[in-house]
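Read through the structure below, which is laid out as C-alpha cells, and then see the notes.
Coordinate-derived values only; no laboratory data. Since the structure is predicted, the reported quantities are computational estimates derived from the model, not experimental observations. In this analysis, Cβ positions are derived from the backbone assuming ideal geometry, glycine residues included, and neighbour counts consider all displayed protein chains.
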Amino acid sequence: MKVPAGAVLPLAPWLAPKAALRGEPDITSASAQSVINAAGPSATCEWFTQPIDHNNASFGSWQQIYCVNPQHWTTGAPVVLMTPGEEPITGSINSGRGYSYLSNTTLAGKYAEVLGAASVVVEHRYFGGSSPYDGFTSKTLQYLTMEQAAADMVNFAKNVKFPFDKNQTSVASRTASISQYSRRHRSSPWVYWGSSYSATLGSWIEHLHPDVFHAYHLSSATVQANTNNWYYYDTIRKGINAFRNDTSCSLALEEVVAFVDDLLLASTLNETKIDALKQYFGATFPIADDDFAYAIATPFRYWQETGGYRDVLEMCDAVVGSEVTEEHEILGTIPSSVGNYAAYFRMNFLDSTCTYFDVWGQKDPLWCLNTHDLLNPFFEARTLGNPWRTWYWFLCNEPLASWATGAPADSPSIVSRKIDADYWQRQCEMHFPAVGNDKYGSSDGRRTVETLNERSGGWGVRESKRVIWTSGWVFDPWRATSMTSEVRPGGPLESSEDVAVFVIKNAEHADDSFTERGMANLNLKINPEVVKVQEQSIEIMKKWVSQGLVSKRHRW
C-alpha cells in the first residue's frame, strides 16, 4: 500500500518556525477545527491540560487534544480509550477514510458499542497539534518519554471532565475509596485499546500504573527491545513463503542480496561496479552504499501496513516471472532475479520512496534516504510537521531501537546485510545533536535496550490483570518482540483467567484493529480468523467490564 504524497503531513498548518514553549491553543483555530470536522457530528473535541513533566509541575503545562463519542454512553458507563500513538489524531477519527476509532469500524469503537461505553481518542504528546513545544531538539524533546506518555493517559483517565458527564460518574480509578470521592464522583471501568506502538505504551501503563485502567486489549505490542531485530525481515521472508506456498520468491530475493552484497561488502570495494549497480537500480544522484542498501529494501516496509502484503506479493510475481539473464558491460552477467527486482523497483518504488515528504520539494527520488548530509531537510525539519523525527527520538532516547537489519551470515536474508544496527544508530546523532547538556538517552550509554526492558518489564513475568494480547501468526513482522514470540524465554505467554493470548492465523501486524465493516470500507479481504478472535475478545471484555461494574456497585 504505497503512501500518497502528503499523507504523513496532514497537519501542516501546525508547523512552527522555532523551538519555543507553546501558548494555549484555541479550539476554534483552523487546525483544531479540522480535527473537529474529521471527528464528525456525534463526537466532541476538547483540550485537556497536561503537565510538561509529571514529576515536576513547576515546569508548566500544555494542551492535549482529544475527541470523544458518547453515542452509547449512559451515566456511570465505562470508557474505551485509545491513542493513535506516533501520528496525529486526524487519521484515527476521520471516518471519511473508511474507519474511525470512534465508531464500530474499529474494534475499539466496537467495544464501546457493545459495552455501552464512551469512546475516546487522545492525541499523543509531541504528535499532531498536542505538544509542549513548537520545535524539536535534544532540549525540548527531553519530556518525550514512555513514562511521560503513560502518565498522560493515566492523568487524563483520572481527571478528565467530559462535557456530557456533569457529575463525573465515569472517572477511572479502581482503587478509589469513599474517603477520596463522594458518591457523585464514582470510578468506572475504563478499557485501554492499543495497536502497535500504542499497544506497547499500553503495556507500560499496565506495568507502571496497574490500578487505573480496568482492562486492556493490546494488539501487536512490541514489549522487548533489542538492537539487532533481523527477525523483522525474516518474518516477512517466511510470510512470503506461506502466502505463495513455495520458496521461489524468497530464494530469488536471497540471490538479489548475494549479488548486491558481493559488491557492497567486499573486502576491497570496486567503486566503478558499485556505481553501476546503483544506476542499474535507478539511482540518479550520488547515494551512499548503506543508504542504497536500505533504498532497495524499502518495498518490504509495506508488508506491515494493512493489506500492504499485496504489494510485496505482486513484486514477487515479477521477480520470478522471467528467467532471462542480462549481460552488463560493467556488472557482467546479471541473474534474472536481480534484473527483475531492479526493474520492478525502478517502475513501482523508486519514485514513491520519498513522495510522502514532497512538502520539501526535493528532486532526487531517494533524497530522504540520504543519511550522510546534515543539511538534508529530513534532519533539518525540527517542527511539528515532521512526525518521523519525534518517533525517531523514541528509538534513540528510550531507546526502543529494535533496528530492522539484514540477517546474520548463517541465516537467509531478503535484504542486504549492509543494513545493520550501526546504520540506524548513526542517524540518532544526525537527528539529535546535543544542546548543551541535553542529549538523547543512548548517546552516552546511560540508556540501553537492557535498561529499557528493565524499566518496562519487557518479556518478564507479569502479574497482569485483564489483558488481551494479540499478534499475527507468520505475517506480523514485529511478533518476535511480542509476548507471543517463540523466542521469548519460556516460550509464548499462555492464557489464564486474567490474561487472554491470541495468535491469529494468517494475520498481519495489528490486523484485529478493524472490524468487518471497516475492512469492507477499505476494500480489504476479511480474514475469518481475525473475526473469530474479535468475537472471542468481545465476550471476554464484556465479562471483565461487567465484573468491574458489579464491584463498583458493591463498593458504593
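The Cα atoms of the stretch 363-465 cover 52, 42, 28 Å along the three principal axes, with the biggest extent listed first.
Its DSSP H runs of at least 4 residues, each contributing -39,500 (n - 2.57), put the calculated 222 nm mean residue ellipticity of the chain at -10500 deg cm²/dmol, to the nearest 500. Working from label points 7 Å from Cα in the Cα-to-Cβ sense, the Lys542 to Leu208 distance is 3.5 nm. Calculated on the Cα set of the stretch 224-368, radius of gyration then Dmax: 15.6, 48 Å. Annotation: amide H-H contacts under 5 Å for His328 (H modelled 1.01 Å from N, sequence separation of 5 or more, or interchain): Thr333, Ile334. Under a 5 Å amide H cut-off, with hydrogens placed 1.01 Å from N, Ser100 pairs with Thr105, Thr106 among residues at least 5 apart or on other chains.
Against the chain, whose longest principal axis is taken from its Cα atoms, helix 146-159 shows a tilt of about 30°.
Measuring r between the beta carbons of Thr355 and Val550 and using R0 = 56 Å, the FRET efficiency lands at 0.60. Annotation for the stretch 53-125 versus the stretch 310-334: alpha-carbon center distance of 46 Å.
Per the Debye formula on identical point scatterers at the alpha carbon atoms of the stretch 200-297, with no solvent, log10 I(q)/I(0) at q = 0.16, 0.17, 0.22 Å⁻¹ is -0.85, -0.90, -1.14. In the chain, if the dipole is taken from +1 on Lys/Arg beta carbons and -1 on Asp/Glu beta carbons about the Cα centre, which of Ser443, Val499, Trp473 is farthest to the positive end? Of the options given, the answer is Val499. Taking every DSSP beta bridge that has both ends in the chain, the antiparallel portion is near 45%. Annotation for the stretch 220-291 versus the stretch 391-448: alpha-carbon center distance of 18 Å. With the convex hull of the Cα atoms taken as the outline of the stretch 403-556, the averaged projected area works out to 15.0 nm².
Multiplying the residue separation of Asp246 and Thr272 by 0.36 nm and removing their Cα-Cα distance gives an extension gain of 5.7 nm. A cut-off of 5 Å between modelled amide H atoms, ignoring neighbours fewer than 5 places along the same chain, links Phe514 with Leu107. Between the residues Gln304, Ala266, Leu253, the greatest Cα displacement towards the positive end of the dipole of the stretch 165-314, with unit charges on the Cβ of Lys, Arg, Asp and Glu, is found for Gln304.
Between helix 30-39 and the chain there is an angle of about 80 degrees, using the helix long axis and the longest principal axis of the Cα atoms.
Calculate how steeply helix 271-280 sits against the longest principal axis of the alpha-carbon atoms of the chain, using the helix alpha-carbon long axis, and give the answer as 0 to 90 degrees to the nearest 10. Between the helix axis and the principal axis of the chain, the angle is about 60 degrees. Reachable lysines from Lys543, Cα under 27 Å, same-chain residues fewer than 8 places away excluded? List returned: Lys110, Lys158, Lys161, Lys465, Lys505, Lys532, Lys552. Subtracting the Cα-Cα distance of Val461 and Asn37 from 0.36 nm times their residue separation leaves 148.3 nm of extension gain. Of the residues Phe349, Asn370, Ala381, the one whose Cα sits farthest toward the positive end of the charge dipole of the stretch 322-381, with +1 on the Cβ of Lys and Arg and -1 on the Cβ of Asp and Glu, is Ala381.
If only the Cβ of Lys and Arg carry +1 and only the Cβ of Asp and Glu carry -1, the dipole of the chain around its Cα centre is close to 2780 debye. Each Lys and Arg contributes +1 and each Asp and Glu -1, all at the Cβ; summed about the Cα centre of the stretch 403-548, the dipole is approximately 200 debye. Can you classify the stretch 472-552 as rounded, prolate or oblate using the Cα gyration tensor, where a ≥ b ≥ c are the square roots of its eigenvalues, rounded means a/c under 1.5, and otherwise it's prolate if a/b beats b/c and oblate if not? Oblate is the answer for the stretch 472-552, as a/c is 1.5 or above yet b/c matches or exceeds a/b.
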